[in-house]
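Everything on this sheet refers to the single structure shown next.
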Amino acid sequence: MTIKPSLWRLPVFQGLIMAVAIMTGQILIASPAYAATYYVATSGSNTNAGSSTAPFQTIQKGLSALSAGDTLVIRNGTYSGSSNSLANLPNGSSGNYITIMAENEGGAIITAGLGMSSSNQYLVFQGLRLQDTTQKDILGNHIKWLRTEFKGGPSGGNTMAVVVGTNDVGTTADILLEDVWVHGFGGRYKILVYNSSRVVIRRAVTRYDGTVTASGEPQANITVYDSDSVEVQNSIAIDGITGTGTEEFVAAYYNICNGTGSVPVRNYTHRGNIALKPTGYTMASEGNCTISNEVIMDVAGAGGTYGISQLKGSGTQYTRVTLIGSRGDGFGIFGGSAKVQDSIVANQSGQAYNGITPLTSIAYNNGGNTGGTVLNPFTSGLLYLPRIESGSILSLGGTAGQRGAQIIKRIGTPGTLYGESGYSTTTATDLWPWPNEARIKKEMCADAGVTRGFCASASLTDYVFSYLGNPNPYGGGVISLSPPPNLRVQ
């Protein structure tokens, strides 16, 4: 693409329009007439014009050229040093997002860090790879991260890999993380949402690869903490490390209410999520206060240290949850109130339902099956962890149909923020084979020695669907469903 500079940016044109406005007594509100596209390449020069044939050399130079509605295309290469940081970011405006994207998805590796501020707004980042040992703070409003790898984080102290929000008086809002994967050593939480409002995490793949932290500092894959209106959709926490250094790990999905932030603590929703061989529990909810309106639906967990633990909660709803083969109880409701329905707990070493009497739920081959109907789910329709077979015994008998998690369709219209039309709709688009799984496999399994779990399997889809011992209905190959280059989603 070539640069299309807006006439509005030309001083002569601005002066002409202003003169007309003065003469006619009209007040004109201008928007960019044309959006411009600029390019950065490691072989470029900052004395260039930033065109496709004469690109800039550094990301900072490219960012300095952007105005609302513009696009910065980053060509293949590794970008390091302060001149290539994602800092000093420009702002877009409503209807005129600024897009910062890789020319070829996964081809631009940025090791120079991320420096966002609470004043940032209307920005889209897509197709990038962020690799460094810093905490990646996502701040501002109307920010979208699409198809991006976040690798690594800081070691030691109260530090995270990726953080949405901070102690910023609740100004971080309307944030989307869609088709992202977070892994690598460092950061006690792989993703933390803190003191923020209207956040969607959609199809995030997270793997806990360890960190160094002080005693009493909990660890987790995805943590929602003192925030308002957060949805975690179609996400996978997978293959956490075990052993020394993981004693403080709590859960794949960790919901906290301490009331220390500046926003109401309410509306935490988990839909269509999987925890497969996490370091700790599938899910835990706790804190010093109560989360208002906490909904967990279509969640599957297997191979961890525990199923679901609730220490706090007020009427938390657990619907169509499948918990298989973890050590300890399936459900442990030790505080607050909850409702469990249409769920399956099997092969747990502890109780199926501890502290709760479920509705229309199944218990099988646990240390104790009290509370559930005893039925072998593996011969009744549970062949694959994410789904129940149509027409099977388990497809019927629930309060609203089936029992057990059904995680087969994508949730949320692509690119939608919390509250926008279709943001929480279960779409007609198949979730499997997992989107971008060829790139995920390549990037999450690239480091020497990382061969555990799905890195030893043919694909992420194959790993998940073969877990219960049945052949993968999609075949064993890695299927690439990456979008074409230069696809812009706003």
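The values are calculated or read from the model by the stated rules, or taken from the named source; none is laboratory data. All of these numbers come straight from a predicted model, not from anything done at the bench. Virtual Cβ from ideal backbone geometry, glycine too; neighbours counted across all protein chains shown.
Here are some notes:
- Candidates in the range 335-357 are the residues that are among the hydrophobic types (A, V, I, L, M, F, W, C) and more than 17 Å from Ser285 (Cβ to Cβ); of these, the one that is surrounded by the fewest Cβ atoms within 10 Å (Cβ to Cβ) is Ala346.
- Breaking point among (1) within 23 Å of Asn267 (Cα to Cα); (2) surrounded by 15 or more Cβ atoms within 10 Å (Cβ to Cβ), for Thr427: (2)
- Residue match in the range 258-268 (condition: within 18 Å of the chain's Cα centre (by Cα), in contact (Cβ under 8 Å) with a residue 12 or more places away in the chain and over 22 Å from Phe465 (Cβ atoms)): yes
- One residue alone among Ala251, Ala204 is among the small types (Gly, Ala, Ser), under 15 Å from the mean Cα position of the chain (by Cα), at pLDDT 90 or above and surrounded by 17 or more Cβ atoms within 10 Å (Cβ to Cβ), and that residue is Ala204.
- Residue in the range 107-117 that is in a strand (DSSP E or B) and of a type in the set (Ser, Thr, Tyr) present: no
- Any chance Ala446 is modelled with pLDDT of 90 or more, in a loop (DSSP other than H, G, I, E, B) and over 23 Å from Ile324 (Cβ atoms): yes
- Residue among Thr172, Thr166 that is among the hydroxyl-bearing types (Ser, Thr, Tyr) and either modelled with pLDDT of 95 or more or not assigned by TED's automatic domain parsing to the domain that holds Gly419 (or both): Thr172
- Single residue of the range 231-248 satisfying the filter (part of a strand (DSSP E or B) and free of Cβ contacts under 8 Å to residues at least 60 places away in the same chain) that is farthest from Gly412 (Cα to Cα): Ala237
- Single condition Arg147 does not satisfy, out of (1) in a loop (DSSP other than H, G, I, E, B); (2) touching a Pro at 6+ places or on another chain (Cβ under 8 Å): (1)
- Leu114 in contact with a Pro (Cβ under 8 Å, 6 or more places away or on another chain), surrounded by fewer than 24 Cβ atoms within 10 Å (Cβ to Cβ) and without any contact (Cβ under 8 Å) to a residue 40 or more places away in the chain: no
- Condition met for Thr211 (outside any strand (DSSP E or B), polar (S, T, N, Q), touching a strand residue (DSSP E or B) at 6+ places or on another chain (Cβ under 9 Å) and surrounded by 21 or more Cβ atoms within 10 Å (Cβ to Cβ)): yes
- Single match in Gly170, Gly153 (criterion: in a loop (DSSP other than H, G, I, E, B), out of contact with any Lys or Arg (no Cβ under 6 Å at 6 or more places or on another chain) and crowded, with 24+ Cβ neighbours inside 10 Å): Gly153
- Single match in Gly307, Gly315, Gly332, Gly303 (criterion: under 13 Å from Ala352 (Cβ atoms), surrounded by fewer than 24 Cβ atoms within 10 Å (Cβ to Cβ) and either basic (Lys, Arg) or in the same structural domain as Asn365 (by TED's automatic domain parsing) (or both)): Gly332
- In the range 65-96, the residues that are among the small types (Gly, Ala, Ser), within 23 Å of Gly106 (Cα to Cα) and either under 24 Å from the mean Cα position of the chain (by Cα) or not in a loop (DSSP other than H, G, I, E, B) (or both): Gly77, Ser82, Ser83, Ser85, Ala87
- Taken together, the criteria exclude Arg198 from residues that are touching a helix residue (DSSP H, G or I) at 6+ places or on another chain (Cβ under 7 Å) and of a type in the set (Lys, Arg).
- Test set (1) farther than 26 Å from Ser262 by Cβ; (2) under 12 Å from the mean Cα position of the chain (by Cα) - Leu192 fails condition number: (1)
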